[in-house]
Amino acid sequence: MSVNERIYKMVMLGDEAVGKTSLIVQHTEHRFEASYKMTIGTDISAKLVEIEKGGTKTNVYLIIWDIGGQEKYRILRESYLRGAAGALLVFDLTNKSSYSHVYDWYEEAQKFCGKQIPMLLLGNKFDLETNRVIQKEEGEKLANELNVEYLETSAKTGYNVDFAFNKITELILKQTL
Ligand code: G3D
Ligand code: MG
């Protein structure tokens, strides 16, 4: 059987403290740390997806980039975004401004990735029900405007986290394989 190898860059987008790092940690290690280190620099984790089709095996390496505390520096965001094949756009369901900023992140991704890359919109911190300020309908409305799918997640409980990463992987593969 012949084996192909593919590598794709995926980025986490969204304001500081929406839960980007926690989502990656929950997905790759199935744990949640309440007191998080403030990472400086870009953290990278990898995920291998193996696909077999018609006698050909494809090893897909999804490289997940996490901007780690430098969200506010435009020049860093630009190199962070360049070459990304897909993105998870994250906001915090308990933070209205993180929701308003989604559009800016989206526009920047369009600009620096050079084309419409697959994206999903995630309303994170679903577990903080009593502090929620963005309703499901508002998340869906925004996703609709951006022409992406909407999911609510909790990096704390793990709710919809693997589902979201699997979904974006699927969308990237569909677009590129
Ligand atoms: P960022 O990488 O987007 O900057 P982090 O965000 O992953 O560092 O998360 C920021 C804070 O939100 C952290 O709390 C983290 O524990 C918390 N958090 C992330 N996701 C969730 C979630 O789904 N539910 C709840 N309840 N909290 C979440 P601290 O207190 O360390 O600042
Ligand atoms: Mg982070």
Q) Using the Karplus equation 6.51 cos²θ - 1.76 cosθ + 1.60 (θ = phi - 60°), what ³J(HN,Hα) coupling, rounded to whole Hz, does each residue of region 149-165 give in order, writing x for Gly and Pro? A) 8, 10, 9, 9, 9, 9, 5, 6, 8, x, 3, 6, 6, 4, 4, 5, 5
Q. So if R0 is 30 Å, what FRET efficiency would Q175 and S100 give, r being the distance between their Cβ atoms, rounded to the nearest 0.05?
A. 0.60
Q | Within region 58-126, trypsin sites (Lys or Arg not before Pro) in DSSP loop having at most 16 other beta-carbon neighbours inside 10 Å | A | K72, R82, K115
Q) Among K111/K141; K115/K141; K47/K174; K9/K47; K9/K141; K96/K167, which pairs are too far apart, with a Cα-Cα distance over 20 Å? A) K111/K141; K115/K141; K9/K141; K96/K167
(Q) Once you keep just the Cα pairs under 8 angstrom separated by 6 or more residues, what percentage relative contact order results for the chain? (A) 25
Q: Per residue of region 18-26, in order, report the coupling 6.51 cos²θ - 1.76 cosθ + 1.60 (Karplus, θ = phi - 60°) as ³J(HN,Hα) in whole Hz, putting x for Gly and Pro.
A: 6, x, 4, 5, 4, 5, 5, 5, 4
**Q.** region 85-148, relative contact order in percent, only Cα pairs under 8 angstrom and at least six apart counted
**A.** 44
Q) For E152, which sequence-distant residues (separation of 5 or more, or a different chain) have an amide H within less than 5 Å of its own amide H, given hydrogens modelled in the peptide plane? A) G123
(Q) Show me the three semi-axes of the equivalent ellipsoid for the chain, from the C-alpha gyration tensor (sqrt of 5 times each eigenvalue), largest first, rounded to whole Å. (A) 26, 18, 17
Q | Rounded to 5, the percent of DSSP beta bridges in the chain classed as antiparallel | A | 30
Q.
In whole Hz and in residue order, list the ³J(HN,Hα) couplings for region 61-66 that follow from phi through the Karplus curve 6.51 cos²θ - 1.76 cosθ + 1.60, θ = phi - 60°; x for Gly and Pro.
A. 9, 9, 9, 9, 9, 10
(Q) Restricting to DSSP H runs of at least four residues, report the calculated mean residue ellipticity at 222 nm for the chain, -39500 (n - 2.57) per run over all residues, nearest 500 deg cm²/dmol. (A) -10500 deg cm²/dmol
Q | Candidate lysines for bridging to K156, where Cα separation is under 18 Å - those fewer than 8 sequence places away on the same chain excluded | A | K20, K37, K125
Q.
Compute a Gaussian network model of the chain, connecting alpha carbons closer than 10 Å, and tell me which residue from Y99, Y73, Y159 fluctuates the most.
A. Y73
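Here, each number is a calculation from the coordinates, and none is a lab measurement. Because the structure is predicted, anything quoted here is derived from the model rather than measured. Glycine gets a Cβ as well: all are built from the backbone with ideal geometry, and neighbour counts include every protein chain shown.
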